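The values are calculated or read from the model by the stated rules, or taken from the named source; none is laboratory data. In this text the structure is predicted, and so the values were computed from the model without any measurement. Backbone-built Cβ (ideal geometry, glycine too); neighbour counts: all protein chains shown.
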Amino acid sequence: MKHYVIIVAGGSGSRMHSVVPKQFLLLNGLPVLMHTINAFHACETQPQIIVVLPSDSHDYWNELCAEHGFIIPHQLVSGGETRFHSVKNGIGLIDEDGAIIAIHDAVRPLISKEIIDESYECATQYGNAIVAIKSRDSVRQIKDNRSVSLIRDEIYLIQTPQTFQSAQLKKAYQQPYQAAFTDDASVVEQTGVNINLIGGSYQNIKITFPEDIAIAEFLLTRD
């Protein structure tokens with residue numbers, strides 16, 4: 001059985017107030033995306049790595065790899081109009097039936113090797129494995145112009161990787177795009193498949209705002 005990871009790196013620097021896309025920002029001297037690739041390369045599962053980048057970023061990425069002596073094997077594929085289309089382009093590179101495929105945000109560089117390996121194991125056994133953490137905060141929902149309290153113990157915050165048996169994922173991505181598809185789990189769930197959650201980590205942060213780089217650097221230094 002073959003294992004793959006599709007690392008989706010289509011983000012811009014808009015919320016970072018940076019002209020450099022956030023996946024290329026330096027984190028402890030290396031671009032964020034390199035930390036993410038390193039995490040999957042270092043896990044026991046050793047998946048084949050596919051990186052989805054905007055087509056106009058490929059040359060810049062290759063320059064960064066040369067500059068930093070980054071030689072971990074990976075395939076590049078161009079992104080699409082939305083995250084859905086970018087993931088679909090990545091899936092298109094995988095021909096094997098019976099493969100296990102993880103989808104991961106390029107800007108979650110602190111994912112642990114243990115969680116990665118567990119996600120592949122659980123997806124092999126149960127069909128899919130979606131990394132999630134319990135909400136630490138009280139949550140309210142705006143409904144009919146009123147705020148409604150939700151039961152905190154029933155609220156989970158979804159992270160990546162989101163890992164699937166290839167048959168589930170390929171079937172799901174044959175569907176037409178819908179705006180309601182916010183992640184890969186929502187795409188697969190639309191086909192009637194049950195979604196399985198596994199424990200994530202509060203350190204598995206998504207680099208979105210400038211302060212996230214400082215937090216990530218602190219966490220890397222502490223480890």
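Things worth noting here:
- For region 61-96, the tally of residues that are surrounded by 14 or more Cβ atoms within 10 Å (Cβ to Cβ) and hydroxyl-bearing (Ser, Thr, Tyr) stands at 2.
- Pick from region 81-93, criterion touching a residue at least 24 places away in the same chain (Cβ under 8 Å) and not in a helix (DSSP H, G or I), ranking: farthest from residue 179 (Cα to Cα): 93
- Within region 189-223, the set of residues being of a type in the set (Lys, Arg) and in contact (Cβ under 8 Å) with a residue 24 or more places away in the chain comprises 206 only.
- Here region 2-17 is the region considered, the condition is being at pLDDT 50 or above and either assigned to a loop (DSSP other than H, G, I, E, B) or of a type in the set (Asp, Glu) (or both), and the residue that is nearest to residue 32 (Cα to Cα) is 9.
- One residue alone among 9, 99, 42 is exposed (fewer than 14 other Cβ atoms within 10 Å of the Cβ) and in contact with a helix residue (DSSP H, G or I) (Cβ under 6 Å, 6 or more places away or on another chain), and that residue is 42.
- Subset of region 165-216 (residues that are acidic (Asp, Glu) and either at pLDDT 95 or above or touching a strand residue (DSSP E or B) at 6+ places or on another chain (Cβ under 6 Å) (or both)): 183, 184, 189
Conditions (1) free of Cβ contacts under 8 Å to residues at least 24 places away in the same chain; (2) among the charged types (D, E, K, R); (3) in a helix (DSSP H, G or I); (4) touching a strand residue (DSSP E or B) at 6+ places or on another chain (Cβ under 8 Å), marked per residue:
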site: 59; (1), (2), (3), (4): yes, yes, yes, no
site: 73; (1), (2), (3), (4): no, no, no, yes
site: 95; (1), (2), (3), (4): yes, yes, no, no
site: 109; (1), (2), (3), (4): no, no, no, yes
site: 119; (1), (2), (3), (4): no, no, yes, yes
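- Residue check, residue 123 within 13 Å of residue 197 (Cβ to Cβ), surrounded by 16 or more Cβ atoms within 10 Å (Cβ to Cβ) and in contact with a Cys (Cβ under 6 Å, 6 or more places away or on another chain): no
- Given (1) of a type outside the set (Phe, Trp, Tyr); (2) out of contact with any Leu (no Cβ under 6 Å at 6 or more places or on another chain); (3) without any contact (Cβ under 8 Å) to a residue 40 or more places away in the chain, number of the condition residue 31 does not satisfy: (2)
One line per residue, one yes/no per condition, for (1) within 30 Å of residue 167 (Cα to Cα); (2) modelled with pLDDT under 95; (3) in contact with a Pro (Cβ under 7 Å, 6 or more places away or on another chain); (4) of a type outside the set (Val, Ile, Thr):
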{"residue": "104", "(1), (2), (3), (4)": "yes, no, yes, yes"}
{"residue": "116", "(1), (2), (3), (4)": "yes, no, yes, no"}
{"residue": "124", "(1), (2), (3), (4)": "yes, no, no, no"}
{"residue": "139", "(1), (2), (3), (4)": "no, yes, no, no"}
